[in-house]
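Asker: Quick one: the structure is below, and I'll ask about it shortly.
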Amino acid sequence: MTDDFFTCRKNVLLAKSPSTQIEGVFAASKGRSVSEEQEALLQQWLEEGAANLPASESVPAVGKVSVTLTGDWLEGSELLMTSLRELNSSPEAAPCADQQLSELNALASSELQDHAVAERARLAAEETVTVAGSAVWAAVVPQTDQQVAGCASINAEVLNDDPAVLAWSLACDAETVPAELPAQPIQDAVPFCSVPTEVPYHEILWRDWEDLSVQPCVLEQVSKTTPLFEFRVMSYNILAQDLVEQGLDLYVHCHPDILNWNYRLPNLLQEIQHWDPDVLCLQEVQENHYWEQLEPTFKEMGFACFYKRRTGTKTDGCAVCYKHSRFQLISLSPVEYFRPGLDILNRDNVGLVLLLQPVLPEGLDLKAISPLCVANTHVLFNPRRGDIKLAQVALLLAEIDKIARTTEGSYYPVILCGDLNSVPDSPLYKFIRNGELSYHGMPAWKVSGQEDFSQQLYSRKLLAPLWPSSLGVTDNCQYVTRCQPKKPGRLEYSRDFLLQFRFCDVACERPPHLVLLEGVTDVKPVPSSREHSAVTAVPKRHHSLSFLGKWCSGVIQHGLNLTSVYSHFLPQRGRPEVTTMPMGLGATVDYIFYSAEPVENRAGRRLYKDGALKLLGRLSLLSEDVLLMANGLPNPFCSSDHLCLLASFGLEISSL
């Protein structure tokens, strides 16, 4: 242990170029006994150190050894401060801390004070490393009367199998300069730049797993005799690298190195592998990164992967991956929101809808389980175009309705993941959760709730109908071709059919109680051109009113009964949850919705309880103030500007 201790510190000095100078202050204290082993180590240190000194410099005596840091040494030391996180967790520097620290302090304490005064004038323009207080090594900077010199302790770790490559960290405690040293100002001295303390990201960004299966409300709904198919779902916006490079002004708070894809990719993969989801929904997946790196890696992890790139010139898209040992694919439906010629759908966002069949473990051959519908999307960001956001969500819900609807008219369990670019309790969020939204006359910016543009003189307003009938989607967010057929026996008459009876005898007979109006009801109608126009105008007007009544209600609905995995509030901190932090402002825009059974409507808010699909747990989110402590997102620990969402579900298994 002793040998390792002195060798470690020797390498700090001898690993540098010949510009390193070794000149004074490290000695055995007078009147104190020094072990032969320590004397031999000190002598060996000095002899080996002399070989690395310039020829013009003399080898110091055994009694005194000082270490002077030149400007070149400091420049080189900065290159060594590269992995403070690994340093803090190093098991190699710890064993020598207690015993050898006390021995070194005993060796240096008395001689240090006697020699410091004599050396003070000669070292006025230099920075001297000396043994002071409780620090193993300390960089002491002469201070003014009002200043205190901080002492930085050094922990050493061997990196890349080279014992001379070391990292440094600040000491937890700071000691003052001994009183015997007179404080004098330094002339033309280079200021000492202390190493910034490594941010403890693991501690700051710690996220708890919330086990919801032990809550009474869940225990009541889960029968002890009903087995559950348990699985995890992750939704993650991983931040496409092209978008980083196109918007570097959004990440000025980040060191350039942590924005590099070669740094971010291993972090993202490690995070996904750590949480081990069974279904993975990703947004902002760059196409070339997906095909070249992500898909091959995910396949090695046991995933089956599907990808949909955004339309147009965009290079990113959405991906859905699932463990093929847990699910089998029934159907896949990519969704493109761009529709040529429609201003309401002129953006390149996309989505994916999959219908998966859970794979039951062996021994459950006589059991049955419902298919699961999984949807993933990334909705338009633009806060001013809430009309486009609503139309995109309506298209996605129509696709889910088509995929998840059973032959009986009910729905398979649905899980909807994605970056919706809308905050909780915004009209768009309420539409998904409550199943209904009255939008006519609503300012477009208000739909997502991202920003407040109420002070603007002019703002776009949503008018009914929100999208044209040519889109083929009803106000119930269903494809027209998939709507329930009309009740049998219901009579429908076309306008042309009714016009055939304009001049029949029954139509021309005056009712006995009809009020006589001059020029209106006093004569028998004749097929004149003028009267023909008047007669035909009435059905046309009624036809138009009927059309407007169908398409201009200003209300859209859906019947999927979706609720959010997260509550969007942290009761223990009294703050809202945050999933992203653009420009230092935290917000929730990422969601996992899942199918539940509605209980009641209270003050316009629909309440749910778990049905066949049960929420068993979730990974807690963080608040804005916590992310600020970690310098926002991304950071060295989280390599995306979004946090991942993770939830555990249980799907009921029934008997055949």
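Asker: What are the residues whose amide H is under 5 Å from the amide H of residue 464, where those residues sit 5 or more places off or on another chain and H is modelled from the backbone?
Answerer: 441
Asker: Just to verify a number: what accessible area does residue 401 come out at with the full protein assembly present, 1.4 Å probe, Å² rounded to tens?
Answerer: Roll a 1.4 Å probe over it and residue 401 shows about 0 Å².
Asker: Got a sec? What order do 461, 389 fall in by accessible area at 1.4 Å, biggest, i.e. largest, first?
Answerer: 461, 389
Asker: May I pose another question? With a sphere of radius 11 Å drawn around the Cβ of residue 259, what net charge do the other residues whose Cβ falls strictly inside it have (Lys, Arg +1; Asp, Glu -1)?
Answerer: Within the 11 Å Cβ shell, the charges total -2.
Asker: Between rounded, prolate and oblate, where does region 236-354 land on the alpha carbon gyration tensor, with a ≥ b ≥ c its root eigenvalues, rounded for a/c under 1.5, else prolate if a/b exceeds b/c?
Answerer: In terms of gyration-tensor shape, oblate.
Asker: Please report the accessible area of residue 567 (heavy atoms, 1.4 Å probe, ligands and nucleic acids excluded) in Å², nearest 10.
Answerer: 70 Å²
Asker: Show 384, 264 ordered by accessible area, largest first, where the area counts protein heavy atoms only and the probe is 1.4 Å.
Answerer: I get 384, 264, largest accessible area first.
Asker: Kindly provide the GluC sites (Glu not before Pro) of region 384-453 that DSSP labels as loop, not H, G, I, E or B, and whose Cβ sees at most 15 other Cβ atoms within 10 Å.
Answerer: 408, 451
Asker: Under 10 Å from the Cβ of residue 558, count the other residues' Cβ atoms, weight Lys and Arg +1, Asp and Glu -1, and hand me the total.
Answerer: Residues near residue 558 contribute -3 overall.
The values are calculated or read from the model by the stated rules, or taken from the named source; none is laboratory data. Note that the structure is a prediction, hence the values are computed from the model and not measured. Every residue, glycine among them, receives a Cβ derived from its backbone with ideal geometry; neighbour counts consider all protein chains shown. All accessible areas refer to the heavy atoms of the entire protein, side chains included, with ligands and DNA or RNA removed. Shrake-Rupley method; radii C 1.70, N 1.55, O 1.52, S 1.80 Å.
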